[in-house]
Amino acid sequence: MRICGGKRLMFQVSVPPISIFATIICLTLPFLPPILSLQSAVNVWPKPRLVSWPKPLARSLSTNFTINSPYHQNLQPAISRYLRLFRTEHHHPLITPSVNVSTSSPHLQTLSIDISDPAAPLQHGVNETYSLSISEEGETANLTAETAWGAMRGLETFSQLVCGNPSVVPVGLYIWDAPLFAHRGVMLDTSRNYYGVEDILRTIEAMSANKLNVFHWHVTDSHSFPLMVPSEPELAAKGAYGPDMIYSPSDVAKIVQFGLEHGVRVLPEIDSPGHTGSWAEAYPEIVACANMFWLPAGSDWGDRLASEPGTGHLNPLNPKTYQVLKNVIRDVSILFPETFYHGGADEIVPGCWKADPTIQSFIANGGTLSQLLETFVNSTLPYILSLNRTVVYWEDVLLDGIVKVDSSFLPKEHTILQTWNSGTSNTKMIVEAGYRAIVSSSDFYYLDCGHGDFLGNDSQYDQQAGGESLNGGSWCGPFKTWQTIYDYDITYGLSEDEAKLVLGGEVALWSEQADPTVLDARIWPRTSAMAETLWSGNRDEYGKKRSAEATDRLNEWRYRMVSRGVKAEPIQPLWCVRNPGMCNAVESS
């Protein structure tokens, strides 16, 4: 981007998607604090890939504004939802943009949607490209998309352009937009603490507004089994925290359908063979070391039975393990139409398996723990594939230093690995091995970090010490700020071919210290930072990180999310927003 001399304003001009190159020009409008720049006035989050708005013009939206679109089962509810938003939101920006509202042009009456491939299903890699054109004259704006899911992204963009009372919208505007990464998600753990259906729906709605498209539902773990599996009802009946903390098949259907109407896939994770202590309430015979104290007295960390309180691993040597698990997998594949199935396979703790007599005998006869895991994977992965699913595992299954499987057990064409350790280095190891990767680095994307530990009677606190405060007292501290998340480049250090194997990323909210009371603030607006980097990147045309420029826009977007019912935490005092540039680390020239 070439910068005009003096305090002048910049914006991007795009060309149609035939070319991905944009012509960059500068305006000669004077800078008038505290008025927003022209670029900021088109305040869409995540930032679109290409924008053209040569003149700061807007015109009124008709009170009878309508949307014309070909019929699509899941797009129609979205259209109804956005129509209500267009007519009733009346958003007032924190700082009034410098825009001329035309009084001579007719009110904008209609948004016309054209979809090239309305039959395209919501699945990984679906085309989410769209273009939006709002002319200075005429009564119709045009939204063109390859699929219904791209049309939903364009509707969200249009909704963020509408503001004021009466409502106005920028005109003479053209946007072409498409995501950089196909997989953009939020992982929520509903086992350690329970979240009601409405909490999940609100999260999915906010995800859609941020153009995120995968809700990774870590639904079960050692702590509770809240999912009612029709063929194995005892798992939830005995393994959930209570009868009012169970997700019924109708609850799942509601969540999945809500996701479809918001362009968000619901990806289920049934973690196994580790993290399965809750299964022992119904089937104690198939779970090793269940309900034991996680760190035996006087033992070293290597002798632990779990990496945190809540012990239990499925026993790969018990045939009944597979009878129960295959029933669960089959039912989950019916409940969730998603083509990815997340099997977990993380944090196999040697001490837990070694505590089981049958496994002790197996080891005594020359067997290894890695062979146990290979037996488990070889007994379950083919069955998952037979249900036309692609398997997602946590990286541990291949990269763990003690218990892991040989890559021959993990077919690259059917297996995706989700990375969470060691930042960019483990991502590099996964793609070097030829696997597709989903990035959830705990160094950047773990939203629970920095809130302390949850263990009781911890002797390290018997004496006053300030060191723990430096990292928030948790294993993955400190707290991951939105700037930390925004700064992360998930393909850093990869070759061009290796980067193609990175499907995208997910933030993760583990729930040891989170529940519905803090859900929104834990996730938003920090997840908005990831949403923009995975949609349009975190760098300007010169390759420079644009986090400074993003601050004002994220302030505005957070404020708008709050007005839409999402209790996102603030990132700055309101004074900073009202006094542009005064809260910067370096004074702008």
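List of remarks:
- The set of residues from the stretch 492-511 being in contact (Cβ under 8 Å) with a residue 24 or more places away in the chain and open to solvent by 40 Å² or more (accessible area, probe 1.4 Å) comprises Tyr492, Gly493, Leu501.
- Among the residues of the stretch 322-343, none qualifies, meaning not one is on the phi > 0 side of the Ramachandran plot and in the same structural domain as Trp279 (by the TED database).
- Of residues in the stretch 49-94 being of a type in the set (Gly, Ala, Ser) and not in a strand (DSSP E or B), the one least open to solvent (accessible area, probe 1.4 Å): Ala78
- Count of the stretch 293-319 residues which are assigned to a strand (DSSP E or B) and within 21 Å of Trp510 (Cα to Cα): 1
- Evaluation of Thr380 against (1) in a helix (DSSP H, G or I); (2) more than 30 Å from Ala182 (Cα to Cα) (one fails), failing number: (2)
- Among the residues listed as Arg539, Arg546, the single one being surrounded by fewer than 16 Cβ atoms within 10 Å (Cβ to Cβ), within 26 Å of Thr129 (Cβ to Cβ) and in contact with a strand residue (DSSP E or B) (Cβ under 8 Å, 6 or more places away or on another chain): Arg539
- Candidate set from the stretch 279-317 (those that are polar (S, T, N, Q) and touching an Asp or Glu at 6+ places or on another chain (Cβ under 7 Å)); member that is least open to solvent (accessible area, probe 1.4 Å): Asn315
- Among the numbered conditions (1) in a helix (DSSP H, G or I); (2) open to solvent by 20 Å² or more (accessible area, probe 1.4 Å); (3) farther than 20 Å from Pro316 by Cβ; (4) not aromatic (Phe, Trp, Tyr), the only one that Asn388 does not meet is (1).
- When Ala531, Ala514 are screened for being open to solvent by less than 50 Å² (accessible area, probe 1.4 Å), closer than 30 Å to Trp301 by Cα and assigned by the TED database to the domain that holds Val392, only Ala514 passes.
- The selection criterion, being acidic (Asp, Glu), closer than 24 Å to Met207 by Cα and assigned by the TED database to the domain that holds Ser440, holds for Asp489.
- Only one entry of His218, His183 meets the criterion of being crowded, with 23+ Cβ neighbours inside 10 Å and more than 28 Å from Leu50 (Cβ to Cβ), and that entry is His218.
The values are calculated or read from the model by the stated rules, or taken from the named source; none is laboratory data. Values in this document were obtained by computation on a predicted structure and should not be read as measured data. Because the Cβ atoms are built from the backbone with ideal geometry, glycine has one as well, and the counts that use them run over all protein chains shown. For accessibility, only protein heavy atoms count, side chains too; no ligands or nucleic acids. Shrake-Rupley method; radii C 1.70, N 1.55, O 1.52, S 1.80 Å.
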